[in-house]
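See below for the structure under consideration.
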There are 2 protein chains.
Amino acid sequence: MKAFVHVALKKSVLDPQGKAIQAALAKRGHRGIGDVRQGKCFELQLDPSLSREAAAQEVERVAREVLTNPVIEEYSVRWEG
Amino acid sequence: MKAFVHVALKKSVLDPQGKAIQAALAKRGHRGIGDVRQGKCFELQLDPSLSREAAAQEVERVAREVLTNPVIEEYSVRWEG
């Protein structure tokens, strides 16, 4: 069982790194790409002995308390397997 | 139309950042989490006038040529909208 936690800056927070990538892409001739935002992604391997609910709780806790800065970031969780 | 490009270190490449997070989580008492790997995630907003195929080609090119270091990283693309 694997969880992917995607952490990104809130929409209301300016993302200068994304803007720099966007400008670099435009300069290289990639005209079809508009807004770019960069985030982090964490791939967490869960203990297979955990139940689905316990695993989901654990991942939510880790995402909220450790991986995300709630002032400027938000997270989403995606499951695999 | 939005594309998410997820860039991660190849499985064969050591991920010290992921290992550090894993150790920190274990120390904090999160026992259910095993292996951790950290990657980057790019959210690309595509020009709505592009066809689905043209957009997919553009994103593949950007992911391969700009966002990923093919020596140590691999990427995957996910679509939304």
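Each reported figure results from applying straightforward, stated rules to the coordinates on display, with no laboratory input. These numbers were taken from a predicted model, which means no experiment stands behind them. Using ideal geometry, Cβ is built from the backbone for each residue, glycine included, and neighbour counts are taken over all protein chains shown.
Short-range pairs are left out: with C-alpha atoms under 8 Å and at least six residues apart, the relative contact order of region A:2-80 is 53 percent.
B:Lys19 label point (Cα plus 7 Å toward Cβ) to equivalent points in the other copies: 3.8 nm, shortest first. Computed over the protein assembly as shown, the P(r) tail beyond 30 angstrom holds 20 percent of alpha carbon pairs.
Region A:16-81 to region B:24-78: how many Å between their Cα centroids? Between the Cα centre of region A:16-81 and that of region B:24-78, the gap is 9 Å.
Taking the label point 7 Å along Cα→Cβ, A:Asn69 and its counterparts in the other copies are spaced 2.3 nm apart, in ascending order. In units of the compact-protein estimate 2.2 N^0.38 Å, chain B shows a Cα radius of gyration of 1.38. The rotation axis that maps chain A onto chain B passes nearest to the beta carbon of this chain A residue, listed with its distance in whole angstrom: A:Cys41, 2. Residue by residue, region A:14-25 carries 3J(HN,Hα) couplings of 5, 10, x, 5, x, 5, 5, 5, 4, 5, 5, 5 Hz when phi is fed to the Karplus relation 6.51 cos²θ - 1.76 cosθ + 1.60 (θ = phi - 60°); x denotes Gly or Pro. Placing a label point 7 Å from Cα along the Cα-to-Cβ direction at A:Arg52 gives distances to the equivalent points in the other copies of 2.9 nm, listed shortest first.
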